[in-house]
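Any read-out appearing in this document is the output of simple, stated calculations on the displayed coordinates, not a laboratory observation. Not measured: the values here are computed from a predicted model. Positions of Cβ are backbone-derived with ideal geometry, glycine not excepted, and every protein chain shown enters the neighbour counts.
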Amino acid sequence: MSSRDSAYIGRQGNDWWRGAVIYQIYPRSFMDTGQSGTGDLQGVIDRLDYIASLNVDAIWLSPFFTSPMKDFGYDISDYRGVDPMFGSLEDFDRLLDAAHARGLKVTIDQVLSHSSDQHPWFAESRQSRDNPRADWYVWADPRPDGTPPTNWQAIFGGPAWQWDTQRCQYYLHNFLPSQPDLNFRNPEVVDAILDEVRFWLDRGVDGFRLDAINFCTHGKLEDNPPRQDIASGFLGVRPDNPYGFQEHLHDKTQPENLDFLERLRALLDEYPETTSVGEVGDDDSLGVMAAYTQGNKRLHMAYSFDLLSERHDPDFLVNTLREMEARIGDGWPCWALGNHDVTRLATRWNAEHQPAKQRLHLAFLLTQRGSVCLYQGEELGLTEAELTFDQLVDPAGINFWPAYKGRDGCRTPMPWRSDAPYCGFTTASPWLPIPDAHRELAVDRQEQDSESLLNSLRELLAFRRTLPVLQQGDIHYHDVHQDVICLERELSGSRILVALNFSDGPRQLPAPAAARAIPSAPAMINGQWHNGQLELPAHGIAMATCPPLDEEAAEWDI
């Protein structure tokens, strides 16, 4: 059953994940083979050759577990089961073997901080205050006036406490009321959760993406103070959602969470060549990324929402990355520009139907120090789908409409064939509509165009694979000059200069005389190096080799 002994042609070794590119698959929207309108595991199997052709190193599967689907799989009622809409456990085993045969590692989502309210654990916990699992979730008495124990807010709107008439107590839910938070202060809960993780390790998975991993442990049941910097336009605060009006001192990111992560890492270390990447959402997410990955004893890597925002001016990007480098020490970041929770990259960063700009953004992502998560459809330049209210299924979008339209717009099905009904995703009515604008971006159309974004990305990823310096080298950022980001990567005597023109016009910069353009670089790397000058077209990309500085190579004095 396990494929650990099968032939493996991809990345090897315990550090395979350092600098790896992980392709995120949202199974509901990837490929439907059951003609239900919803994607399934067999659909992923059928498209593995396409994924391998991208030259990525691994896949990340968003939840496919048994679930009532109130939050589309992030509300799990059986951590070991495959929901029938996606297939069976045997289908997953076949997917694992088929991916490994193509050199692809397989990581899967794990939603550990909370379960569905349909999970048997919660069904037992809510029955009474003295049953064996009474303390497996976070329960609390009301205040004397009957109001919730604290002022904590749920991310999806409203108080983070739900009254339960069976126990006559409130339970904590940081997301939907149907997603009660597990009590990680109970050692039995930690043991049980680690057993669920071990189940998938024994099955042969290569790692886990850990959802909302800093939410596992709650703090003292005290009110959060109000945020003081809302008026200054604090990044991530939405005026329509009161969750951002608080400093989250007590409801997440507690010191005790580090103890849990160390136990989780100890379990992963029992299984060579496995990894973990944690999702971190916090007021100080860069600091949490550092704390969660330093010392080689907690998470292998982590990512935050800092680059998943609408802001993308070069100064903001470089300052964010510099701060991460200054704080992370021996930890390891993972970067993403898009995923299933945020507006599509092409729309969010004002690059709709602008392939040159989209190439620039992906080149920026793939030249940073760290690993990379690439969300399905980014290789096609998919735009955010504009949906009407009656088409929404995402509870966040429904709750906050019209100020916030939710996450459905980035979750619409993959367009495989431009001339097929529903773009070849299904023959039934799809669970979300497919925008007409996505037809011209379909895989079959881009496959036939050697200069398409899809083929450009394939070339860039193949090129990156040949350069260990771009995968694991140190990094140094220069000050932004005329909207051009300039950086250097260095590893074991190999030094590469990178320049990325975020402006709409051509730019000319001084460059080291020793810089030499890379002859085998993809066509999308279009900057010209000569006579101590670098010339970049609008949204241009340049890379060059240069002797390491300890060999008295010329400084890049911008």
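Counting Lys and Arg as +1 and Asp and Glu as -1, what is the net charge of the other residues whose Cβ lies under 10 Å from the Cβ of E262?
Details: positive: R263, R265, K297, R298; negative: D259.
Here the charged neighbours net out to +3.
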State, to one decimal in nm, how far the label point of D550 lies from the label point of L249, with both points 7 Å from Cα in the Cβ direction.
4.7
Taking +1 at the Cβ of each Lys and Arg and -1 at the Cβ of each Asp and Glu, which of P512, N526, A544 sits farthest along the dipole of segment 473-551 towards its positive end, judged by Cα position relative to the Cα centre?
N526
Compute from the Cα atoms of segment 199-316 the Rg and the Dmax, the latter being the longest Cα-Cα distance, and quote both in angstrom.
16.4, 50
Taking the chain as the reference, fit the longest principal axis to its C-alpha atoms, fit the long axis of helix 453-465 to the helix C-alpha atoms, and give the angle between the two in degrees, 0 to 90, nearest 10.
80
When the Cα centres of segment 332-379 and segment 454-479 are compared, how far apart do they sit, in Å?
14
If each DSSP helix of 4+ residues adds -39,500 (n - 2.57) and the sum is divided by the residues in the chain, what number results at 222 nm, nearest 500 deg cm²/dmol?
-6500 deg cm²/dmol
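List T147, T426 from most exposed to least, where exposure is judged by having the fewest other Cβ atoms within 10 Å. The partial results should precede the final answer.
Numbers: T147 12, T426 25.
Neighbour counts put them in this order, fewest first: T147, T426.
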Protection proxy ranking, peptides 479-489, 509-519, 494-504, average beta carbon neighbours within 10 Å, highest first:
494-504, 479-489, 509-519
If amide H atoms are built 1.01 Å from N in the plane of the peptide, which residues on other chains or at least 5 residues away come under 5 Å of the amide H of S67?
S77
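What is the local net charge at E124, summed over the other residues whose Cβ is closer than 15 Å to its Cβ (Lys, Arg +1; Asp, Glu -1)? Spell out each step's value before the answer.
Values: positive: R126, R129, R133, R167; negative: D78, D117, D130, D135, D164, E188.
Once positives and negatives cancel, what remains is -2.
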How much FRET efficiency would the formula 1/(1 + (r/R0)^6) give for Q127 and T427, where r is the Cβ-Cβ distance and R0 is 41 Å, rounded to 0.05?
0.35
Mind checking which lysines have their C-alpha under 17 Å from K357, skipping anything on the same chain fewer than 8 residues away?
none
Given charges at beta-carbon only (K, R positive; D, E negative), |dipole| of segment 92-142 in Debye:
260
My understanding is that a pair violates if its Cα-Cα distance is over 24 Å; which of K70/K405; K70/K252; K220/K405 do that in this structure?
K220/K405
Lysines within cross-link reach of K105: Cα-Cα under 24 Å, excluding same-chain residues under 8 positions apart?
K297
Cα-based Rg and Dmax for segment 473-551, in Å, come out at 11.9, 36
Two-decimal Rg/Rh of segment 289-357 from alpha-carbon positions, Kirkwood Rh?
1.05
Relative compactness, the chain, computed as alpha-carbon Rg over 2.2 N^0.38 Å
0.97
For segment 287-428, the Cα convex hull volume per residue in Å³ comes to 144
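Using Cβ counts within 10 Å as a stand-in for footprinting exposure, how do S77, S418, S429 rank, fewest first?
Details: S77 20, S418 17, S429 10.
By the 10 Å Cβ count, ascending: S429, S418, S77.
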For segment 289-314 and segment 485-558, what is the centre-to-centre distance using only Cα atoms, to the nearest Å?
27
Using +1 on the beta carbon of Lys and Arg, -1 on that of Asp and Glu, and nothing else charged, what's the dipole of the chain about the Cα centre, debye to 20?
440
Please list, in order along segment 198-215, the HN-Hα scalar couplings obtained from phi with the Karplus expression 6.51 cos²θ - 1.76 cosθ + 1.60 (θ = phi - 60°), rounded to whole Hz, x for Gly and Pro.
4, 3, 6, 5, 5, 6, x, 5, 9, x, 9, 9, 9, 5, 6, 5, 7, 9
Enter the angle in degrees (range 0 to 90, nearest 10) between the Cα long axis of helix 355-366 and the first principal axis of the Cα atoms of the chain, meaning the one along which they spread out most.
70
Net charge around Y79, counting only other residues with Cβ within less than 10 Å of its Cβ (Lys, Arg = +1; Asp, Glu = -1)?
-2
Neighbour-count order for L453, L317, fewest beta carbons within 10 angstrom listed first
L317, L453
